[in-house]
Structures are given as C-alpha cells and as structure tokens.
Amino acid sequence: MFAPRLYFRARPTTTAVLRRCLGSTADAQTLDARLKADLKAAMKAKDKVRLPVIKGILSDILYAEKNPAGGASFSRGSDADVAAIFRRAIRRRNDSIESFVGGGREDLAETERAKLAILQGYLPTQLTVEQIEERANQVIQQLGVTGSKAMGAVMRDIGISTAEAPKAKIAEVVKRLLTSSP
C-alpha cells in the first residue's frame, strides 16, 4: 500500500511575520530603507507618478555605489551620501522645469514639479542661514579663532551633515563670519 501524500498548506503571511522576517519598515532609519519600503507601496498602489521617481533614485544610488566618483566612497547606509544624490536629482528636476517653461511646455513642467515634490519629501528639513550662523558662531567662540585660516578647523567642528545643509552653503556662512569677526 501506498502512504498518502501529505500536502502542507502554506500559512497565510501576515504583516507581523513579514515585519519579523524583513525588518520593520515603520522604524526604518535610513533613507535607503525608506525608499525601498515606499517602492513596494508604490508598486502595490500602481502609482504612476511616484514609482518611476523612486526607481530612478534607487538606480542613481546603485550607480553611485558601483562607480564612485573620483575615488570617493559611497555608502547606502549613510544618509549624507544618499541626500547628496537626492540634491543632485532635485537640481536636475529644477533645470528641467526651467527648460520646459522656457520652451512653452507647461504640461511637462507640471509633471516635473510633481516629481520634484516627491523628491523633496525625502530630504530632511534644511537648516536656514540663521541656524547655520548660530552653530558657526558657537564653534568660533569655543575655538576662539578668527581669520579665514581657521576655516578648516571650524568646518571640521561645526557638526552639520550634508543632509542638513549643502557644504557650499555652510562654507559660505563660516567664511563670512570669520572674515567679519575682528
């Protein structure tokens, strides 16, 4: 006699099981993890605007990871590195919007504005010039330095990540404060 085959039914996957296996997406800390979770959500929702934007950013992240520019290292886990890619994508979208408006294609400019809003939603709130000045003044007073020669020391100790403000903006404020101080 043949023994009957036992077929095991797969348990239905619950969100609790998925979270335990894949890690919770609700408390994801990095931008990369948040992007991947949003990619899944956009695919499930069949979001025609959000999905290509997220795929494009993930593609840019993968490209930066595989081909580091100028020997610089890139880390997916570093929000500062990922934020730099976001800023680059935002700059490209702004250039596209200007070109479309200049060419009289307001319909394409609107779609680019929608994509731009999606990208800006991922970046942390940017520091204002006043907040950068406040932090820079604190560091300058702590170090007790003046003159533009101390710019490197101030930039090193200021503690503002590139995700919070672009380095060029920070450097401009620090330089202005160091040259204006007596």
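The values are calculated or read from the model by the stated rules, or taken from the named source; none is laboratory data. All values derive from a computational prediction rather than experimental measurement. Every residue, glycine among them, receives a Cβ derived from its backbone with ideal geometry; neighbour counts consider all protein chains shown. We work out accessible area using only protein heavy atoms, side chains counted, and drop any ligands, DNA or RNA first. Shrake-Rupley method; radii C 1.70, N 1.55, O 1.52, S 1.80 Å.
Shown here is the pair-distance distribution of segment 76-122: with all Cα-Cα distances grouped in 10 Å bins from zero up to the longest one, the shares run 28, 45, 20, 7, 0 percent. A simple spin-label model places the labels of Ala69 and Glu98 1.7 nm from each other, with each point 7 Å out along Cα-to-Cβ.
With a 1.4 Å probe and all protein chains kept in place, how do Lys55, Lys66, Lys44 rank by accessible area, largest first? Numbers along the way, then the final one.
Details: Lys55 105, Lys66 145, Lys44 175 Å².
I get Lys44, Lys66, Lys55, largest accessible area first.
Taking label positions 7 Å along the Cα-Cβ direction at both Glu172 and Thr111, the computed distance is 3.3 nm, reported to one decimal. With 0.36 nm allotted per residue and the present C-alpha distance subtracted, the Gln131-Ser148 stretch has 4.1 nm of extension available.
What is the calculated FRET efficiency for Leu62 to Ser180, with r their C-beta to C-beta distance and R₀ = 41 Å, to the nearest 0.05?
Details: r = 44 Å, r/R0 = 1.07.
Using R0 = 41 Å, I get an efficiency of 0.40.
Here is the result for segment 62-103: no chymotrypsin sites (Phe, Trp or Tyr not before Pro) lie in DSSP coil with at most 10 other C-beta atoms within 10 angstrom of their C-beta.
The trypsin sites (Lys or Arg not before Pro) found in segment 95-182 that occupy coil by DSSP, while having at most 15 further C-beta atoms within 10 Å, are Arg105. Label sites at Gln138 and Asp157, each approximated as a point 7 angstrom past Cα along Cα to Cβ, lie 1.3 nm apart.
Of Ser161, Ser148, which has the most accessible area with a 1.4 Å probe, and how do the rest follow in descending order?
Numbers: Ser161 50, Ser148 70 Å².
In descending accessible area the options line up as Ser148, Ser161.
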